[in-house]
1. Looking only at segment 50-65, count every residue that is surrounded by fewer than 19 Cβ atoms within 10 Å (Cβ to Cβ) and under 21 Å from residue 105 (Cβ atoms) and tell me the total.
2. Evaluate the following for residue 218: is it within 30 Å of residue 58 (Cα to Cα) and either modelled with pLDDT under 95 or in contact with a Leu (Cβ under 7 Å, 6 or more places away or on another chain) (or both)?
3. Pull out all pairs, ordered by first then second residue, where Cβ-Cβ is under 8 Å, the residues are six or more apart or on different chains, the first lies in segment 104-118 and is more than 17 Å from residue 164 (Cβ to Cβ), and the second is among the small types (Gly, Ala, Ser) and crowded, with 17+ Cβ neighbours inside 10 Å.
4. Starting from residues that are crowded, with 16+ Cβ neighbours inside 10 Å and within 11 Å of the ligand (Cβ to nearest atom), keep the ones in segment 66-82 and report whichever is farthest from the chain's Cα centre (by Cα).
5. Is there any pair with a first residue in segment 167-182 that is under 13 Å from residue 94 (Cα atoms) and a second that is in a loop (DSSP other than H, G, I, E, B) and at pLDDT below 95 whose Cβ atoms are under 7 Å apart and which are 6 or more apart or on different chains, and what are they?
6. Return the residues of segment 93-128 that are surrounded by fewer than 14 Cβ atoms within 10 Å (Cβ to Cβ) and of a type in the set (Lys, Arg); say none if nothing qualifies.
7. Among 41, 76, which is hydrophobic (A, V, I, L, M, F, W, C) and in a strand (DSSP E or B)?
8. Which residues, counting only those in segment 44-65, are more than 10 Å from the ligand (Cβ to nearest atom), assigned to a loop (DSSP other than H, G, I, E, B) and either touching a residue at least 60 places away in the same chain (Cβ under 8 Å) or in contact with a Lys or Arg (Cβ under 6 Å, 6 or more places away or on another chain) (or both)?
Amino acid sequence: MRNFNLNLKKMVRLRGVPIALTATVLATSLTGCGKKAECDISGSHAHLYTNEEGYEAYYNKEYLTYDGYERQEDYIPLTEEEVALYKFLDKKDLISLEDNLDVILAEQEQNTDYIEYRYSYKRRIPMRVGKVTTFRTVTRYSWTSDPNHINLTGETRLCHYVYQACNVYKDENGKYVVIPSECVDDIGDLVGDYTYVKKVFYKVINLENNLELDYEDGQDPNEEVSKSNATTQSYTTNSVEYAEGPKLVKNY
Ligand SMILES: [Zn+2]
């Protein structure tokens, strides 16, 4: 496909058509396999891609946009081995911790602990008795960050953000493997020892049992769930006193 692009570009150039046109021609002729950019760089390389939030990744790709990231002109040459590594990083959704440290720290700054409240709701469950379907009402439970939610049970939990980075090693068979770090409260502690982070590099745990948040029977299906809900009731970590440091569970 790449040779085809270059040939078409050459052809258009010869005919004296402005080069800008070729991008449009290529983009429309390649629908179905993503819009490709033109590239004259010879040899294996990875282009810098950035997304709206400022995250950076390098992909051995020529797509104009890839996984929400936009292709930039900057690139790094890759050895054959590095091509395999960058493909692996792509497959595992890994980006460089150091390259993205500023945005990661900014995002961490936004992630303040918050309280969730347990609530109950009723569900009607169909039951078939012979040929007759009847309904039974059962009580279900979930958690909300809205302190004024109806049917609160009075139970609360403290939701806490933890962070994880990882390294990539080759195993004895020459296959790349991901070795994750412990979960930590401050991702800055992992800089230097760890090279990569997952694109989603944090998770929220329940500080009581250090497990990832579960929502028991799930959100009330009759309820409109607002996504911003989770952060509106937050408070800063300064006002939280931990009797002991949280014991974290590795869950990668
Ligand atoms: Zn290129």
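1. So in segment 50-65, the residues surrounded by fewer than 19 Cβ atoms within 10 Å (Cβ to Cβ) come out as 50-54, 56, 63-65.
From what's left, under 21 Å from residue 105 (Cβ atoms): 50-54, 56.
So the count comes out to 6.
2. On the way: within 30 Å of residue 58 (Cα to Cα): no; either modelled with pLDDT under 95 or in contact with a Leu (Cβ under 7 Å, 6 or more places away or on another chain) (or both): yes.
Taking the combined requirement at face value, the residue does not satisfy it.
3. Qualifying pairs under 8 Å: 114/145; 114/230; 115/145; 116/145; 117/145; 118/142.
4. Of segment 66-82, the ones crowded, with 16+ Cβ neighbours inside 10 Å are 66, 69, 71, 75, 78, 82.
From the residues that got through so far, the ones that are within 11 Å of the ligand (Cβ to nearest atom) too are 71, 75, 78.
Values: 71: 19, 75: 23, 78: 25 Å.
Top of the filtered list is 78.
5. Taking only residues 6 or more apart or on different chains, the pairs are 177/171; 180/250; 180/252.
6. 122, 124, 128
7. Details: 41 fails: in a strand (DSSP E or B).
So the residue among 41, 76 that is hydrophobic (A, V, I, L, M, F, W, C) and in a strand (DSSP E or B) is 76.
8. Hits for segment 44-65 are 55, 64.
The values are calculated or read from the model by the stated rules, or taken from the named source; none is laboratory data. Everything quoted here is computed from the prediction, not taken from an experiment. When we count neighbours, we look across all protein chains shown, and the Cβ atoms used for this are built from the backbone with ideal geometry, even at glycine.
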